[in-house]
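One structure below.
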Amino acid sequence: MRNVLISGGGVAGTALAHWLRRNGFSVTVVERAPGPRKGGQAVDIRGVALDVVDRMGLGDRVRAARTRMRGMSMLDGAGTELFRSEEHVLSSGRLDGEDVELLREDLVAMLHDVTADRVEHVHGDWITALREEEHGVRVELAHGGHRTFDFVIGADGAHSAVRRLAFGPEERFGTHLGQYLAIFPTANFLGLDHWQVWFQDAASGAGGAVYPVRDNTELRVTLGFTAEPISYDHRDVEQQKRITAERLAGVGWEVPALLAAMADAPDFYFDSMAQIHLDRWSAGRVALVGDAGYCASPLSGQGTSLALVGAYVLADELGRAGEDHAAAFDAYERRMRPFVALNQALATENPAGPPAEESVDRAKHALSLDA
Ligand SMILES: Cc1cc2nc3c(=O)[nH]c(=O)nc-3n(C[C@H](O)[C@H](O)[C@H](O)COP(=O)(O)OP(=O)(O)OC[C@H]3O[C@@H](n4cnc5c(N)ncnc54)[C@H](O)[C@@H]3O)c2cc1C
């Protein structure tokens, strides 16, 4: 049985593990974190990505976990309400649509469940070196020695280590979109009931969103600010919290209380809004899937759907191509390129807000799972 090593146990990596196993491969997933990662806001599953979760048998669980918002308010930097809506929310669009918004951590946990007993999951380890040999890729792991696999797939997110090792440094492929986001949980001290509150401070350019999850017991907070690329340590959470606090200092409404809550937050996610563009997503026996290959940024709202669909298509092509992995990687590119381009374009279509509904509709359906 051909064996595949997937770096990254997020959405793309775990979904790919499921489909590769289903298509007859032996699969190992190596995840740097000590367990499936928690944290983050809600993410969206739309269009053809919903067909992927339906085909995995996860459709009912995914739909049952939707966030079920009733609407949203938009405030200015002093807390004055500018508008409210009970028809759409900025995080996911129309409330009466088919699309599903759910917490990223719930989706990753479900994907983990369906792969747990059929895939080797290694936590707390990562690839430090890759060397392609005649019939496989020899991989060095930080803690697990070395092993050889038929293929190695980078599903390790926007700052992918596999991409750095096999394709080159991140600077060559990343495009900064001018914003940073910090996301963390806290108690629902605002008493919100299935209601999102967004705020935008015109003076500083800072803004964010707060909404309740887990039956209104918890808040997920997103704080954002505009900035040119900042140099910071991706693994230094305290430094990232300091940067966020400095950038939002002076903003009114409940922001001082949210910054105080951030200091003690158990989970914290911080990243720039950036896209990844590569001319090719494979090099020999190594390939990329999800954010590692074509991050569209949270501004697109389509990162999770791209990861789910990319995983399906890559596994489909590898399963179909027999020994000819080069043909599989070519077909993966051919099928995914137009879909990725349309979805990445959503992030920059409207610099002042979300993309047009028609653009999202076109992009989310722009691929057929049955090639
Ligand atoms: C903790 C977290 C919170 C997020 N929150 C949001 C959010 O609120 N809103 C939003 O739009 N997007 C969020 N994202 C990004 C979103 O999940 C992705 O855009 C999308 O789901 C595509 O998934 P992915 O699997 O390609 O990448 P990711 O979801 O980033 O998953 C990559 C996985 O690889 C692991 N990893 C990283 N480096 C290595 C390494 N060297 N070796 C092994 N494993 C590694 C990571 O721990 C992670 O589990 C978040 C990502 C993470 C990791």
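The values are calculated or read from the model by the stated rules, or taken from the named source; none is laboratory data. What you are looking at is a predicted structure, and each value in this text was computed from that prediction instead of being measured. So basically every Cβ, Gly included, is an ideal-geometry build from the backbone, and we count neighbours across all protein chains shown. Areas reflect the complete protein model, heavy atoms only, side chains present, ligands, DNA and RNA absent. Shrake-Rupley method; radii C 1.70, N 1.55, O 1.52, S 1.80 Å.
Checking V313, V340 one by one, the residue that is among the β-branched types (V, I, T), out of contact with any Ser or Thr (no Cβ under 9 Å at 6 or more places or on another chain), over 16 Å from G301 (Cβ atoms) and in a helix (DSSP H, G or I) is V313 and no other.
In the stretch 254-273, the count of residues that are within 16 Å of the ligand (Cβ to nearest atom), of a type in the set (A, V, I, L, M) and within 19 Å of the chain's Cα centre (by Cα) is one or more.
Of the strands (runs of 3 or more DSSP E) lying entirely inside the stretch 1-92, the ones with 2 or more residues being surrounded by fewer than 18 Cβ atoms within 10 Å (Cβ to Cβ) and either away from the ligand (no atom under 14 Å from the Cβ) or not basic (K, R) (or both) are found at 71-76, 81-85. Within the stretch 158-167, can one find any residue that is within 21 Å of the chain's Cα centre (by Cα) and basic (K, R)? For the stretch 158-167, residues within 21 Å of the chain's Cα centre (by Cα) and basic (K, R): present. Those strands (runs of 3 or more DSSP E) of the stretch 123-194 in which at least 2 residues are in contact with a Phe, Trp or Tyr (Cβ under 8 Å, 6 or more places away or on another chain), considering only elements entirely within it, cover 136-141, 174-187. So, in the stretch 181-208, how many residues would count as being open to solvent by less than 40 Å² (accessible area, probe 1.4 Å) and away from the ligand (no atom under 13 Å from the Cβ)? The qualifying residues number 11. The residues of the stretch 93-113 that are away from the ligand (no atom under 15 Å from the Cβ) and open to solvent by 40 Å² or more (accessible area, probe 1.4 Å), listed by number, are R94, L95, D96, E98, D113.
When the stretch 274-293 is limited to residues that are within 15 Å of the chain's Cα centre (by Cα) and in a loop (DSSP other than H, G, I, E, B), the one that is nearest to R334 (Cα to Cα) turns out to be V289. Within the stretch 22-40, the presence of a residue that is under 14 Å from the mean Cα position of the chain (by Cα) and modelled with pLDDT of 95 or more is excluded. Taking the stretch 319-358 as the range and being touching a helix residue (DSSP H, G or I) at 6+ places or on another chain (Cβ under 9 Å), open to solvent by less than 20 Å² (accessible area, probe 1.4 Å) and under 19 Å from V48 (Cβ atoms) as the test, the residues that pass are A331, Y332, M336, F339, V340, N343, Q344, L346, A347. Scanning the stretch 197-212 for residues that are part of a strand (DSSP E or B), in contact with a helix residue (DSSP H, G or I) (Cβ under 9 Å, 6 or more places away or on another chain) and not small (G, A, S) yields F199, V210.
Each row is one residue, and each column tells you yes or no for (1) at pLDDT 95 or above; (2) open to solvent by 20 Å² or more (accessible area, probe 1.4 Å).
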| residue | (1), (2) |
| --- | --- |
| P212 | yes, no |
| N216 | yes, yes |
| L223 | yes, no |
| P229 | no, yes |
| R235 | no, yes |
| Q240 | yes, no |
| G250 | no, yes |
| V255 | yes, no |
| L258 | yes, no |
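Close Cβ contacts (under 6 Å, 6 or more residues apart or on different chains) running from residues in the stretch 250-268 that are more than 15 Å from V197 (Cβ to Cβ) to residues that are of a type in the set (V, I, T) and surrounded by fewer than 18 Cβ atoms within 10 Å (Cβ to Cβ) comprise F268/V237.
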